[in-house]
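Colleague: Take a look at this one; I'll ask things after.
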Amino acid sequence: MVVGSNLFADVLTDLGAALQGSLGLAASANLSPEGIGPSMFEPVHGSAPDIAGRSLANPMGAVWSAALMLRHLGHEAEADRVEGAIDRVCAEGRFLTGDLGGGATTSEVGDAIVRALRDPGGRP
């Protein structure tokens, strides 16, 4: 866990994402530990306006953020399934966006994750 101002925390999360392999993979959770305000879950890369509408964005960070939300809400098994689907798509390597060395579109990666969720034993 890192606590910091918006500017410095943003720099740290971007650097951490780069070390992880791609800004497109990094998920984030901004939690309200007291439960007073809402918690927010989003990919570290934000909206990526520089590539908007070009089908280049890696959706894995957004999907992984949804898994963080599920876990935060107490849905451990469902979060595990979502994270497992992302793991399987990455391990299979057939549907990766350009930031991970592949040539798949945003939709192709998203569809592969959905297939992995529907058939946990099958091919993404």
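Colleague: Is it fair to say GLY21 is small (Gly, Ala, Ser), at pLDDT below 80 and under 22 Å from GLY93 (Cβ atoms)?
Modeller: yes
Colleague: So in the range 101-120, with the set limited to residues that are small (Gly, Ala, Ser) and part of a loop (DSSP other than H, G, I, E, B), which one is nearest to SER55 (Cα to Cα)?
Modeller: If we take residues in the range 101-120 being small (Gly, Ala, Ser) and part of a loop (DSSP other than H, G, I, E, B), then ALA104 is nearest to SER55 (Cα to Cα).
Colleague: In addition: Give me the pairs, please: first residue somewhere in the range 84-100 and within 14 Å of ARG115 (Cβ to Cβ), second residue anywhere and charged (D, E, K, R) and at pLDDT 95 or above, beta-carbon distance under 6 Å, and either six or more positions apart or on two chains.
Modeller: PHE95/GLU108
Colleague: While we're here: Do we have GLY61 as in contact with a His (Cβ under 8 Å, 6 or more places away or on another chain) and within 18 Å of PRO124 (Cβ to Cβ) here?
Modeller: yes
Colleague: Still on this structure, I have one more. Quick check on PHE41: is it out of contact with any Lys or Arg (no Cβ under 7 Å at 6 or more places or on another chain), at pLDDT 95 or above and among the aromatic types (Phe, Trp, Tyr)?
Modeller: Here the answer is no, as PHE41 does not meet what is asked.
The values are calculated or read from the model by the stated rules, or taken from the named source; none is laboratory data. Nothing here was measured: the structure is a model prediction, and the numbers come from that model. Note: ideal-geometry Cβ built from the backbone for every residue, glycine included; neighbour counts use all protein chains shown.
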